[in-house]
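Single-structure report; data block below.
The values are calculated or read from the model by the stated rules, or taken from the named source; none is laboratory data. Model, not experiment: these values are computed from the prediction. Here the Cβ is made from the backbone with ideal geometry for all residues, glycine too, and neighbour counts use every protein chain on show.
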Amino acid sequence: MQSPYPILIIGQGIAGTLLSYELLQNKIPFRVIDHIDDRCASRASGAVLNPYSGRTIKGISRRSQMYQVARAKYEALQQLIGTQILHHNPLLVFDGDEPGNFNMPGALQAFREQDHVQAFEEVALVDNLILLKEWRTFLETKGCIEDHLFDPEFLHYTSGPLSYRDQQYSKIIFCTGVAARSQPFFSNLRFTENRGDVLMLQSDQLDQDYIYQKDKIRLLPRGHHTFWCGSNYLWDYENMIPNQEWAEQTIRQLQDWLAVPVNILDHFCAKRPTTAGQIPFIGWHPQLPGIGICNGLGTKGFSAGPMWIENFVQESVLNGQAAMFQYVLDKWCPQVI
């Protein structure tokens, strides 16, 4: 029997957005608490859906399944918010291992090299900034989101329903990225974090119908002749000051790659939560089954998250079965005295 109390979701990044969408679709009451952070990983992400990035037949098959589920979810979200967030943008990979199969030279006039360009058609791009903004607006119209920072001092969970700020909830699920590590329930989880830098570029001469990739540089169209350019992985850092050395090196690489000028509009960085073996943390604290986590989706968050979170809601929230990745939480969650 479904609890009369709503589920409390902490955070409205991509995990909180997808989770609240799944709960809405299954008519499960919920409430979201979120304070906007313009430099959170979900906002800084490239948000590419790419089924080709598996190295094995099994990996490619799994990615293809994730891709199909993700496209269907984002198309449904588009209908709800009334705004396009999913764009079909073929991926052009320069200097690939195989002879080029892309034969539209007009799209390559902006580049110095035009041979050995591989085209991958079934690739899509999620406009993450519009998605997060418009979904938040949608939740506001439903009256089920609050803008403030979660304060654990107001959470009580010793017996009966959970309560937070004198409101009762059936469960609480943390969707706060690497910040979830600061909660005592999940302090032992094997979270690591790295920092990624992003450049925002402007060019009137780059075709906005494609995603471009060369080595570790990826250019993603963001509309109005702007492009997301990233990204690096910095594991050892002391602050969140953008890495000027990386920016200068990337600009030099762009100058060698492009035959047209680009303007640098912005340079920023964000923390990425990562996990051992890239296995997400989705499930419940083994000793506190009313306290859950949906985090650590990593770079696959926008593409794999829709399938992972659908499974979590169907198998665990609705049917009380163990979540797909529950074994990770059973092993690493701290003991509660």
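So, in region 281-307, of the ones that are in contact with a Cys (Cβ under 9 Å, 6 or more places away or on another chain) and in a loop (DSSP other than H, G, I, E, B), which residue ends up farthest from Leu155 (Cα to Cα)? Selected residue: Pro286. Annotation: of all residues in region 1-34 being assigned to a loop (DSSP other than H, G, I, E, B) and among the hydrophobic types (A, V, I, L, M, F, W, C), the one that is surrounded by the most Cβ atoms within 10 Å (Cβ to Cβ) is Ile28. The C-beta contact set for region 16-37 (first residue free of Cβ contacts under 8 Å to residues at least 12 places away in the same chain, second residue among the polar types (S, T, N, Q), distance under 8 angstrom, 6+ apart or interchain) is empty. Checked against (1) over 27 Å from Ala179 (Cβ atoms); (2) exposed (fewer than 15 other Cβ atoms within 10 Å of the Cβ); (3) touching a residue at least 60 places away in the same chain (Cβ under 8 Å); (4) of a type outside the set (A, V, I, L, M), His148 meets all criteria but (1). Among the residues of region 179-205, the ones that are touching a Leu at 6+ places or on another chain (Cβ under 7 Å) and at pLDDT 90 or above come to 3 in all. Comparison of His156, His116, His148, His88 shows that the only residue that is of a type outside the set (A, V, I, L, M, F, W, C) and touching a His at 6+ places or on another chain (Cβ under 7 Å) is His148.
Cβ contacts < 9 Å: first residue in the same structural domain as Gln25 (by TED's automatic domain parsing), restricted to region 318-330; second residue at pLDDT 90 or above and among the hydroxyl-bearing types (Ser, Thr, Tyr), any location; separation 6+ or different chain. Result? That search, which allows pairs on different chains as well, returns Ala322/Ser316; Ala323/Ser316; Met324/Ser316; Gln326/Ser316. Applying the condition of being exposed (fewer than 15 other Cβ atoms within 10 Å of the Cβ) and not basic (Lys, Arg) to region 157-178 and asking which residue is modelled with the highest pLDDT yields Gln167. Here is the figure for region 308-331: residues that are assigned to a helix (DSSP H, G or I) and over 23 Å from the mean Cα position of the chain (by Cα) total 3. From the list Leu265, Leu201, Leu220, which residue is under 20 Å from Asp127 (Cα atoms), exposed (fewer than 14 other Cβ atoms within 10 Å of the Cβ) and either among the basic types (Lys, Arg) or touching a residue at least 24 places away in the same chain (Cβ under 8 Å) (or both)? Exactly one residue qualifies, and that residue is Leu265.
The residues of region 49-91 that are among the aromatic types (Phe, Trp, Tyr) and at pLDDT 90 or above, listed by number, are Tyr67, Tyr74.
A search for C-beta distances below 7 Å between a residue of region 122-139 that is touching a residue at least 40 places away in the same chain (Cβ under 8 Å) and over 17 Å from Ala72 (Cβ atoms) and any residue that is of a type in the set (Lys, Arg) and crowded, with 17+ Cβ neighbours inside 10 Å, counting only pairs 6+ apart in sequence or on different chains, returns Asn128/Arg43; Leu129/Arg43; Leu132/Arg43. Being of a type in the set (Gly, Ala, Ser), within 23 Å of the chain's Cα centre (by Cα) and modelled with pLDDT of 90 or more is true of Gly283. For region 294-303, the count of residues that are at pLDDT 85 or above and of a type in the set (A, V, I, L, M) is zero. Taking the criterion of being among the aliphatic types (A, V, I, L, M) and either part of a loop (DSSP other than H, G, I, E, B) or touching a helix residue (DSSP H, G or I) at 6+ places or on another chain (Cβ under 9 Å) (or both), would at least one residue in region 265-275 satisfy it? Yes, some residue in region 265-275 is among the aliphatic types (A, V, I, L, M) and either part of a loop (DSSP other than H, G, I, E, B) or touching a helix residue (DSSP H, G or I) at 6+ places or on another chain (Cβ under 9 Å) (or both). Taken over region 283-324, the criterion of being touching a strand residue (DSSP E or B) at 6+ places or on another chain (Cβ under 9 Å), surrounded by fewer than 20 Cβ atoms within 10 Å (Cβ to Cβ) and of a type in the set (A, V, I, L, M, F, W, C) is satisfied by Ala322, Met324.
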